[in-house]
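Okay, so here's the structure we're looking at.
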Amino acid sequence: MSTVFPEAAPADLATRLGSVRAGISDAARAAGRDPADITTIVVTKFHPLALIEELYALGVRNVGENRHQEAQAKAAELVDLDLVWHFVGQVQGKKARQVRAYADVIHSVDRASLVTALGSDESNIDCFIQVNLTDDAARGGVGPLDLPALVDKVLATPGLRLLGLMAVAPISVSEGPEEPRRAFARVRELSAQIRLQAPAATALSMGMSQDYAAAVLEGATHLRIGTAITGNRPVLG
Ligand SMILES: *Cc1c(COP(=O)(O)O)cnc(C)c1O
């Protein structure tokens, strides 16, 4: 018997993509929603360019990255593909203009100084404000109490178009199946509040590999899905 284990074949990628798409359709139907209203972003961080090309061949057009240098290099290499690049990681102020140059959508706007750094008089970029649902500031995102002021700041800054709110469900050891759904319900409530300030900011970027069905039930419009589609991320040395 062979002891050589081949790399995952593209067929496996197609199978995983297909089952996630089916899972999203099921969740949308259960929520009485049209699956076409949900954008699935495949998060390709740590994976090679070839994986993005395979995804493209399978019809994927929205990809997500969370590290600036990696994202910048990939977007430059694949500039000829008709891809929408979503930046989902924390943005350093001094890198903001560079991220803006290749990203189509930034999901992680979380502080006033970053809004200032991202502003532009020349062009518009779509963005989400990231909300932190935990007490741990290191996880990124603005706390719910500081959200209204940040919304005002984005609205007052030229060059940014606010699509809505982004969040990551908190990790909890005792997490039951209802946990992510409760977290996403909080984001939906915050979204209703900020629409009094920003009526056009209706989108909700929430839901990952483990919790996308719960996110769809709570109104997610943008899912950020990595491993359930790509397989495990290569471990970096
Ligand atoms: C990596 C990442 C994802 C995707 O995570 P999976 O669990 O692999 O689906 C989604 N959102 C953000 C912000 C990420 O960094």
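Working only within region 41-86, note down all residues that are farther than 20 Å from Met208 by Cα, of a type in the set (S, T, N, Q) and touching a residue at least 12 places away in the same chain (Cβ under 8 Å).
Hit for region 41-86 is Gln72, nothing else.
Could you grab me the full set of residues in region 12-63 that are charged (D, E, K, R) and either in a helix (DSSP H, G or I) or crowded, with 19+ Cβ neighbours inside 10 Å (or both)?
Asp12, Arg16, Arg21, Asp26, Arg29, Asp37, Glu53, Glu54
How about region 197-207: which of its residues are free of Cβ contacts under 8 Å to residues at least 60 places away in the same chain and within 15 Å of the ligand (Cβ to nearest atom)?
Within region 197-207, Leu204, Met206, Gly207 qualify.
For region 139-173, give me the residue count where each residue is modelled with pLDDT of 95 or more and part of a helix (DSSP H, G or I).
Of the residues in region 139-173, 12 are modelled with pLDDT of 95 or more and part of a helix (DSSP H, G or I).
Just the residues that are within 14 Å of the ligand (Cβ to nearest atom), open to solvent by less than 70 Å² (accessible area, probe 1.4 Å) and more than 14 Å from Arg21 (Cα to Cα), please, taken from region 216-237.
Those that are within 14 Å of the ligand (Cβ to nearest atom), open to solvent by less than 70 Å² (accessible area, probe 1.4 Å) and more than 14 Å from Arg21 (Cα to Cα): Ala220, Gly231, Pro234.
Have a look at Val60, Val99, Val79 and point out the one that is of a type in the set (Val, Ile, Thr) and under 22 Å from Ala228 (Cα atoms).
The match here is Val60.
More than 15 Å from Phe128 (Cβ to Cβ) and more than 10 Å from the ligand (Cβ to nearest atom): is that true of Ala213 in this structure?
In short, yes.
Looking only at helices (runs of 4 or more DSSP H) that fall completely inside region 174-235, which ones have 3 or more residues that are among the basic types (Lys, Arg)? Before you say what the answer is, go through the steps one by one.
Details: elements: 178-194, 212-217, 227-230.
By residue number, 178-194.
Is it fair to say Ala183 is within 16 Å of the ligand (Cβ to nearest atom), within 20 Å of Phe87 (Cα to Cα) and of a type in the set (A, V, I, L, M, F, W, C)?
No; evaluated as a whole, the condition is false for this residue.
The values are calculated or read from the model by the stated rules, or taken from the named source; none is laboratory data. Nothing here was measured: the structure is a model prediction, and the numbers come from that model. Cβ coordinates were reconstructed from backbone atoms using ideal geometry, including for glycine residues, and neighbour counts include every protein chain displayed. To get the accessible areas, we keep the full protein, side chains included, count just its heavy atoms, and leave off ligands, DNA and RNA. Shrake-Rupley method; radii C 1.70, N 1.55, O 1.52, S 1.80 Å.
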